[in-house]
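See below for the structure under consideration.
Every number here is computed from the coordinates shown, using simple stated rules; none is lab data. These numbers were taken from a predicted model, which means no experiment stands behind them. For neighbour counting, all protein chains shown are included, and Cβ atoms are generated from backbone atoms with ideal geometry for every residue, glycine included.
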Amino acid sequence: MASDKNSPPERQSSVQSGIQTETRPLIGVGVLVWREKKLLLGERITENQSNCWQFPGGCLESGESVIECAQREVLEETSLRVKGLRHFGFTDKVFDAGKHEYITLLVSCEYSLGEAEALEADKCVGWQWFDYKELPTPLFEPITNFISQAAVAQKNTSAQCDLYALHCASMVLPDASSGEHK
């Protein structure tokens, strides 16, 4: 079948148990947790040993809202409770992490209670609070993608954006669930 430049790219398909399925990107949720003007980042352990810094987060589960996912992931990975959750943005560039491709939705919130612990030691060395203007490097690819996208949207020529200003300008959503996964 011939493809023109206006047709969507072909999707890979696989056959499992006699059922043909398309391979589609998974939905990841990254959570910016603010404590005053500091952001929580964890040192992500990668297969190729080139660790990078990431926000808490993970895959959206079936039947789960983005906000429920954000609360669950922060609690499961760090033991922290959060409040004031708000939709923050997304990355529209698919990136490859291991065996899957992801699109990342971002949620921003405030620290509420607890001390950050590395509860998934096989995935994260530890959690630290960083001034939002002095984030460590290298950052996890979706974070870099979002910062670049936001800088363009803010017409900032330095390829940086003011994450805290974006957080403050975002509308806090009505109270979500208590954070317990259903």
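Tabulated values for the structure
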| item | result |
| --- | --- |
| Rough spin-label spacing in nm, given labels placed 7 Å along Cα→Cβ, for residue 83 and residue 45 | 3.4 nm |
| Mean Cβ count within 10 Å, highest first, over the residues of peptides 64-77, 111-124 | 64-77, 111-124 |
| Which of 53, 140, 150, positive extreme of dipole for the range 24-167 (C-beta unit charges) | 150 |
| Shape category assigned to the range 24-167 from the gyration tensor of Cα positions, a/c cut at 1.5 | rounded |
